[in-house]
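Q: So that we are looking at the same thing, I have put the structure below in structure tokens.
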Amino acid sequence: MQTVSVHTPVTGAVHDVPVTDGGEPPEPLPDDHDEPVVLDLIASRESTEDGSSRSETSEEVSVALSTDVLFDVDESELRPDAEAELKEVAEEIESSGATKVKIDGHTDDTGTDEINEPLSEDRAAAVEKRLKELAGEDGIEYTSQGHGSEEPVAENDTEENRQKNRRVTVGFDTPEGGASEPGPSAAPSAPADEPAEEGGYGTADIAEGEESEYLHSLQVRVDSVDRSSAGGLTTLRYTVLNSANEESAILAGDLGNVSVCGGVGDGRLNGSVLTDDAASLSYPVVRYPSEDCLAPRGNGVTVMPNEGLTLWQAFWLDPATTEVTVHVPRFDPVKGVPVI
């Protein structure tokens, strides 16, 4: 290991910090010091075309396939065009050395439990059967289960969100190393030039209809989207600019999303999303298995009059993603931001 990314609650991740011998060792820690804790990071991405998604750690991968692609409405027989999706998953299962594969079927909340639960079970079983044929069964334990509409990943309040809930999830272990551990072949492209120190990569106003008593007279300036030279871990830094002569509060409810991670008590400012429009991919914040995430706490945060407040959020980007659109909640998107 030659470099590391150092993360602090104030700065976010600072990448490519060299690892050196360090000279003389520091004084011994006191006997009552906390033991170090190793936490896996959960990297996620979502297709903006069909609502399919994936999340992965160093030990496991979970791929959520849209049932709109796999099946006809209210049917559990695989469509012909599902084959390409399942072949891709089967190839990942084979290359990962997986020993356990779990398939879970889900529906949205339209229809009754009497319809949704057996439908989700039959769809999960259909995917299990085809994956066994494609990836083989030697040394692999397969299980499948249906959950009906009981485990949504989004509110069933729009067609877009209902599409996300209509899914079959394939989870498998990765004893030979997950895709979230990029090797030399997965190194990102050469970084873009650094932005001007003051100008950033563009500013955005509050989106139409989003102003409120607390959220007004503000702009967002995107300062950088900075990826580690090892690949993957990427830090968004943006500054909220207050042009008013009075203090403006940033509420966790404005820039955060408690359903993504964290709780009401700390109000993580975790709602920003990066999209790779060319690849139709969307990236949410990096999370921990504990449901916390790499984003600052936001309750009680304010922007002083005629000043700016710099915030951050961490993501895990595919090596091929070299330019993104930055979506900060309540603000217009900032397009064409290079990943440096």
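Q: Can you tell me which residue among GLY177, GLY183 is modelled with pLDDT under 85, within 30 Å of SER58 (Cα to Cα) and exposed (fewer than 12 other Cβ atoms within 10 Å of the Cβ)? Show your work before the answer.
A: Working: GLY177 fails: exposed (fewer than 12 other Cβ atoms within 10 Å of the Cβ).
The unique qualifying residue is GLY183.
Per-residue answers, yes or no, for (1) of a type in the set (A, V, I, L, M); (2) without any contact (Cβ under 8 Å) to a residue 40 or more places away in the chain; (3) on the phi < 0 side of the Ramachandran plot:
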| site | (1), (2), (3) |
| --- | --- |
| HIS15 | no, no, yes |
| GLU24 | no, yes, yes |
| ILE42 | yes, no, yes |
| GLU85 | no, yes, yes |
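Q: With (1) on the phi > 0 side of the Ramachandran plot; (2) out of contact with any Asp or Glu (no Cβ under 6 Å at 6 or more places or on another chain); (3) not charged (D, E, K, R) as the list, and THR67 as the residue in question, which single condition is left unmet?
A: Failing condition for THR67: (1).
Q: Another one. Considering only residues that are surrounded by fewer than 22 Cβ atoms within 10 Å (Cβ to Cβ) and among the hydroxyl-bearing types (Ser, Thr, Tyr), which ones fall in the range 303-335?
A: THR310, THR322, THR325
Q: If GLY253 passes every condition in (1) out of contact with any Ser or Thr (no Cβ under 6 Å at 6 or more places or on another chain); (2) more than 21 Å from ILE206 (Cβ to Cβ) but one, which one does it miss?
A: Unmet condition: (2).
Q: Output the residues belonging to the range 94-117 that are assigned to a helix (DSSP H, G or I), surrounded by fewer than 18 Cβ atoms within 10 Å (Cβ to Cβ) and among the polar types (S, T, N, Q).
A: SER95
Q: Collect the residues in the range 158-174 that are over 18 Å from the mean Cα position of the chain (by Cα), among the acidic types (Asp, Glu) and assigned to a helix (DSSP H, G or I), keeping them in residue-number order.
A: Within the range 158-174, GLU159 is the sole residue that qualifies.
Q: Name every residue in the range 29-43 that is surrounded by fewer than 20 Cβ atoms within 10 Å (Cβ to Cβ) and either at pLDDT 95 or above or within 21 Å of the chain's Cα centre (by Cα) (or both), in order of residue number.
A: Looking only at the range 29-43, we keep the residues that are surrounded by fewer than 20 Cβ atoms within 10 Å (Cβ to Cβ), and these are 29-41.
Matches in the range 29-43: VAL38, LEU39, ASP40, LEU41.
Q: Take the residues in the range 205-251 that are in contact with a His (Cβ under 9 Å, 6 or more places away or on another chain), aliphatic (A, V, I, L, M) and buried (at least 20 other Cβ atoms within 10 Å of the Cβ); name whichever of them is farthest from PRO305 (Cα to Cα).
A: Among those residues, the one meeting the criterion is ALA230.
Q: While we're on this one: Can you tell me how many residues within the range 56-77 are free of Cβ contacts under 8 Å to residues at least 24 places away in the same chain and surrounded by 14 or more Cβ atoms within 10 Å (Cβ to Cβ)? Steps first, please.
A: Of the residues in the range 56-77, the ones free of Cβ contacts under 8 Å to residues at least 24 places away in the same chain are 69, 72-73, 75.
Going one step further and asking which of them are surrounded by 14 or more Cβ atoms within 10 Å (Cβ to Cβ), we end up with 69, 75.
Here the count works out to 2.
Q: Which residue out of LEU309, LEU255 is under 16 Å from VAL222 (Cβ atoms) and at pLDDT below 90?
A: Of LEU309, LEU255, the one residue that is under 16 Å from VAL222 (Cβ atoms) and at pLDDT below 90 is LEU255.
The values are calculated or read from the model by the stated rules, or taken from the named source; none is laboratory data. Since the structure is predicted, the reported quantities are computational estimates derived from the model, not experimental observations. Here the Cβ is made from the backbone with ideal geometry for all residues, glycine too, and neighbour counts use every protein chain on show.
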